[in-house]
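Down below is the structure, laid out as structure tokens.
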Amino acid sequence: MFKKILIANRGEIAVRIIRACKELGITAAVIYSEADRKSLHVRMADEAYLVGLPEATGSYLNAEKIIQIAKEAKAEAIHPGYGFLAENANFAELVQTNGLVFIGPPASAIKLSGDKLQARKIFSEVGIPIIPGSDEISSETEALNFAEKIGYPVLLKASAGGGGKGMRVVRKKEEMSDAFRGAKYESKIAFGDDRIYLEKFLERPRHIEIQILADSLGNCVYMGERECSIQRRHQKLIEESPSVIVDENLRRKMGETAVKIAKLAGYVNAGTVEFLMDENKNFYFLEMNTRLQVEHPVTEMVTGIDIAKRQIKIAVGEKLDFSQSDIRPFGHALECRIYTEDYQNNFFPSTGIISIYREPAGPGVRVDSGVYEGFEISLYYDPLIAKLICWGQDRNEAISRMSRALSEYQINGITTTIEFHQNVMQNEKFRRGELSTHFIEEEIYPKLKEEKKINLDYLAVSAALADYLATKKVESEFIQNGAVQSIWKRQARITTLRSKL
Ligand code: MV4
């Protein structure tokens with residue numbers, strides 16, 4: 001086993017990997033930027049090394065410096081987490097040529113996953129289902145001809161794409177000209193690669209992905225699916241496993257397809273194969289994520305397998321000591337991503353000092369967080385500060401637990417998406433499992449305006465009440481009146497109201 005690992009990340013995922021290291025008896029070293037001196041990952045690590053400026057390019061993206069630190073710290077391996085350098089093939093290669101182990105797949109697999117045109121070609125040739133589409137499209141005329149052939153609406157996509165960049169929906173031929181130039185330009189700017197192609201546009205797809213684990217000896221298993229349809233602007237908000245629309249048969253078909261893809265890509269380590277599913281439950285390969293994903297805990301909760309620890313064991317060269325038939329998902333898990341964003345104000349980023357912080361706990365509750373009371377949230381990094389994961393025997397129990405845990409979760413001083421998630425948990429369509437990638441815009445957005453108005457009225461009344469309570473010091477009366485359970489909340493509410501007055 002490794003003696004020391006350098007974690008080239010920050011926030012909740014760095015904390016997650018520190019925990020995996022500690023359980024394996026590995027010394028956890030981390031890097032931190034000048035803005036992260038007081039971060040939780042620095043406090044929890046065994047060793048911490050300053051890497052540079054707050055801006056990611058000067059710190060968490062500084063490949064050369066990170067490798068230099070790893071060598072000086074005498075770490076044997078680097079775990080990249082997600083984001084930053086996690087899916088950078090050059091970095092994976094550089095780590096290796098410096099005699100260190102990259103805890104992730106081989107650079108060649110990262111490269112292939114980053115090239116959608118090539119991946120589509122290789123995978124479709126062996127019968128992997130892909131969305132009907134073209135090879136590279138290099139002119140507007142070509143685009144028009146192809147769209148005519150497969151029928152509108154079509155979607156222009158960047159070969160180097162992901163996360164929706166360089167994507168354009170074209171509903172009729174008149175829209176092609178602008179869309180073609182727009183997609184090409186955006187791809188060039190975002191990825192330095194302006195190759196684009198066309199696909200038939202699926203109107204209301206569901207996003208379902210398969211977690212896989214592959215060891216370096218050729219063994220590969222699938223760990224069931226995660227449904228990640230609840231998102232806004234390509235930012236996932238809620239994930240769950242299993243998906244309500246995937247039965248045992250479909251799970252096996254998708255799982256076997258994912259394993260086939262992993263083997264073709266020469267994949268080693270933990271990975272995710274993304275699929276889009278149409279309303280007739282046809283599934284199509286979308287892309288491969290070559291990293292530990294944000295939403296990995298839902299799979300850990302239903303399979304009992306520690307994916308982060310497995311990543312490290314695989315990187316050392318250990319064989320998977322279980323086979324496909326040993327993986328039997330049990331129960332249901334949901335994850336709510338807690339962002340420091342004001343969902344009532346177009347998810348605008350919220351910054352400040354966390355003045356009160358109290359995490360939920362109890363049966364079936366897991367919190368993966370990167371913050372603590374007194375911590376200051378800056379604008380430098382991703383607004384994801386924590387993930388609340390709840391397990392239940394079935395989906396209903398998982399939802400009730402999530403709702404209960406959200407109500408226990410108290411964060412003051414900054415605005416978070418906790419209340420937003422509470423809205424989703426109460427939504428009838430969500431409870432029935434009727435999800436799509438349009439769920440938020442169709443179901444939640446229209447209700448936000450209404451809620452905002454009610455909240456303003458409520459705020460005025462509550463503010464008056466808060467002041468009354470503060471001056472009369474009647475907190476003890478509240479306790480006598482049977483409101484004991486909500487005293488913390490009430491105090492938090494008063495603090496919030498005060499700050500808004
Ligand atoms: C699609 C699609 C509909 N039809 N492809 C968005 C990110 C990129 N990786 C693929 N994406 C999509 N590709 C076809 N042919 C709809 C999306 C899409 C989406 C996919 C997964 C999760 C959320 C999404 C939100 C909007 C659009």
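Key figures
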read-out: Nearest-0.05 FRET efficiency for residue 97 and residue 38, computed from C-beta distance (R0 25 Å); value: 0.15
read-out: Within the chain, helix-based [θ] at 222 nm, where runs of 4 or more DSSP H residues each add -39,500 (n - 2.57), nearest 500; value: -12000 deg cm²/dmol
read-out: Protection proxy ranking, peptides 56-63, 374-381, average beta carbon neighbours within 10 Å, highest first; value: 56-63, 374-381
read-out: Equivalent ellipsoid dimensions for the range 132-200 as semi-axes, Å, which come from the Cα gyration tensor, largest first; value: 18, 11, 10
read-out: Heavy-atom accessible area ranking, 1.4 Å probe, most first, across 348, 439; value: 348, 439
read-out: Backbone HN-Hα couplings from phi across the range 364-372 [Karplus 6.51/-1.76/1.60, Hz, Gly and Pro as x]; value: x, 10, 10, 10, 10, 10, x, 10, 8
read-out: Exposure ranking of 291, 232 by accessible area [1.4 Å probe, largest first]; value: 291, 232
read-out: Bins of 5 Å, starting at 0 and running to the largest distance - Cα pair percent for the range 4-103; value: 3, 15, 29, 28, 19, 6, 1
read-out: Distance violations [Cα-Cα > 27 Å] among 236/449; 200/281; 116/263; 71/188; 22/319; value: 71/188
read-out: Residue (of 290, 77, 97) at the positive-pole extreme of the chain, dipole from beta-carbon charges; value: 77
read-out: Convex hull volume per residue for the chain, taking Cα atoms only, in Å³; value: 159
read-out: Folded to 0 to 90 degrees: helix 140-150 orientation relative to the chain principal axis, Cα; value: 80
read-out: Rg over Rh, two decimals, the range 104-238 (C-alpha only, Kirkwood Rh); value: 0.99
read-out: Debye log10 I(q)/I(0) for the range 255-371, one point scatterer per Cα, at q = 0.11, 0.13, 0.15, 0.21 Å⁻¹; value: -0.56, -0.75, -0.95, -1.36
read-out: Contact order relative to length of the range 204-265, as percent, for alpha carbon pairs under 8 angstrom and 6 or more apart; value: 31
read-out: Most to least packed among 253-264, 42-53 [average Cβ atoms within 10 Å]; value: 253-264, 42-53
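The values are calculated or read from the model by the stated rules, or taken from the named source; none is laboratory data. Note that the structure is a prediction, hence the values are computed from the model and not measured. All Cβ positions, even for glycine, are placed from backbone atoms using ideal geometry, and neighbour counts span all protein chains on display. Ligands, DNA and RNA are stripped out before the accessible areas are found, and what is left, the full protein with its side chains, is counted by its heavy atoms. Shrake-Rupley method; radii C 1.70, N 1.55, O 1.52, S 1.80 Å.
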